[in-house]
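Following: one structure in structure tokens, then a few remarks.
The values are calculated or read from the model by the stated rules, or taken from the named source; none is laboratory data. The model shown is predicted, which means the values in this text are computed figures rather than measured ones. As a convention, Cβ positions derive from the backbone with ideal geometry for all residues, glycine included, and neighbour counts pool all protein chains shown.
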Amino acid sequence: MPLTISTWNINSVRLRIDLVAKFLKATRPDVLCLQETKCPDDAFPLKPLAKLGYVHVATNGQKGYHGVAVVSRLPFEAVDRRSFCDKQDCRHVAVTFGERAGLKDPATLHNFYVPAGGDEPDAAVNPKFAHKLQFLDEMRSAAGLHAAPGARAILVGDLNVAPLEHDVWSHKQMLKVVSHTPIECEKLGAVRAAGQWVDAMRMHVPATEKLYTWWSYRAADWAASDRGRRLDHVWVSPAIGDRVSAMTVSRAARGWTQPSDHVPVTVKLEI
DNA sequence: ATGGTCGGCAACCGA
């Protein structure tokens, strides 16, 4: 059965709920993972989503900052929320799809929002960068996060690291810029290696080609300068490493009225 | 080399 999953850092789900609806109508994924919802759970805009058939929603939100959610046409068997770095930040939610969704073999979907890390890439002087590194370390060693041998799992989200040379517009100019420093790239690589996760986006676009999911708000003309970064990711466990039949980055969404600075990424899984 | 823009929420913090 085909299962399509999208991930999008929406930068306020309430402000941009019409853009979410526009995307859902156009793309019709089975599941949409959102980050930076900036919305307490009791204020999540459920109605417009239900109207489009997305009646199953797992939120992990807080007032003002961070926040993640899974919005789905298919029902869940279970929902899990984890905290990291002994903080109350809402940066993770996971759901498991199974028989109720029509899946013979269950599949767990993790949705992450990794800390951005501030401006200065020095953990000794910048606590936000230290937090980001610690968060990645905890992801690497988190019990039960990585799929058991043979198990089906997907990990998506705004991981706030662009690990490969062509995940940024200029590798050389980005080496000391938070999101592309060697230590971040190494630590994200260690998370991926710990679960033997397969980079589904790079399965479909060679590492030699530029691939971005984020463009700064500060650029005068984001499309013309095209100084993007691939901060958003889709990983799949080895058991479904060969089941990703399509991958799309919705670059056009960056040009919509009052856009998020991130665009949706969608994969189609044959599971 | 520097500053450039957003959103939440009501003065700045986080990105």
Item to check | Residues being away from DNA strand B (no atom under 16 Å from the Cβ) and outside any helix (DSSP H, G or I) - total across segment A:9-32 | outcome: 5
Checklist entry - In segment A:94-109, is there at least one residue being surrounded by fewer than 16 Cβ atoms within 10 Å (Cβ to Cβ), touching a Pro at 6+ places or on another chain (Cβ under 7 Å) and of a type in the set (Lys, Arg)? => result yes
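Scan segment A:86-109 residue by residue and report those that are acidic (Asp, Glu), away from DNA strand B (no atom under 16 Å from the Cβ) and without any contact (Cβ under 8 Å) to a residue 40 or more places away in the chain.
We begin by selecting, within segment A:86-109, every residue acidic (Asp, Glu); these are A:86, A:89, A:99, A:105.
Subset that is away from DNA strand B (no atom under 16 Å from the Cβ): A:99, A:105.
Result: A:Glu99, single match.
Here is a check on your reading of the model: is A:Pro163 more than 18 Å from A:Arg91 (Cβ to Cβ), loosely packed, with under 15 Cβ neighbours inside 10 Å and more than 16 Å from DNA strand B (Cβ to nearest atom)?
On the way: more than 18 Å from A:Arg91 (Cβ to Cβ): yes; loosely packed, with under 15 Cβ neighbours inside 10 Å: no; more than 16 Å from DNA strand B (Cβ to nearest atom): yes.
No, not satisfied.
Which residue, of A:Ala193, A:Ala224, A:Ala207, A:Ala246, is within 16 Å of DNA strand B (Cβ to nearest atom), loosely packed, with under 15 Cβ neighbours inside 10 Å and at pLDDT 95 or above? Break it down into steps so the answer makes sense when it comes.
On the way: A:Ala193 fails: within 16 Å of DNA strand B (Cβ to nearest atom); A:Ala207 fails: within 16 Å of DNA strand B (Cβ to nearest atom); A:Ala246 fails: within 16 Å of DNA strand B (Cβ to nearest atom).
Every option except A:Ala224 fails the conditions.
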Next on the checklist: Step by step: first the residues of segment A:73-110, then only those that are in a loop (DSSP other than H, G, I, E, B) and basic (Lys, Arg), then the one that is nearest to A:Lys25 (Cα to Cα). Which residue is that?
Outcome noted: A:Arg73
Checklist entry - Would segment A:169-177 turn up any residue that is out of contact with any His (no Cβ under 9 Å at 6 or more places or on another chain), within 13 Å of DNA strand B (Cβ to nearest atom) and either closer than 24 Å to A:Leu34 by Cβ or modelled with pLDDT under 95 (or both)? => result no
Checklist entry - Tell me, which helices (runs of 4 or more DSSP H) wholly within segment A:140-243 include 1 or more residues that are over 24 Å from A:Gly117 (Cα atoms) and of a type outside the set (Phe, Trp, Tyr)? => result A:200-204, A:222-225
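Per-residue answers, yes or no, for (1) charged (D, E, K, R); (2) surrounded by fewer than 20 Cβ atoms within 10 Å (Cβ to Cβ):
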| position | (1), (2) |
| --- | --- |
| A:Asp42 | yes, yes |
| A:Pro48 | no, yes |
| A:Val68 | no, no |
| A:Ser83 | no, yes |
Next on the checklist: Go through segment A:154-188 and report how many residues are closer than 23 Å to A:Met247 by Cα and among the charged types (D, E, K, R).
Outcome noted: 3
Next on the checklist: Quick check on A:Ser83: is it modelled with pLDDT of 95 or more, within 16 Å of DNA strand B (Cβ to nearest atom) and either under 21 Å from A:Asp158 (Cβ atoms) or in contact with a Lys or Arg (Cβ under 9 Å, 6 or more places away or on another chain) (or both)?
Outcome noted: yes
Checklist entry - Would segment A:210-220 turn up any residue that is more than 19 Å from the chain's Cα centre (by Cα) and either among the β-branched types (Val, Ile, Thr) or buried (at least 17 other Cβ atoms within 10 Å of the Cβ) (or both)? => result no
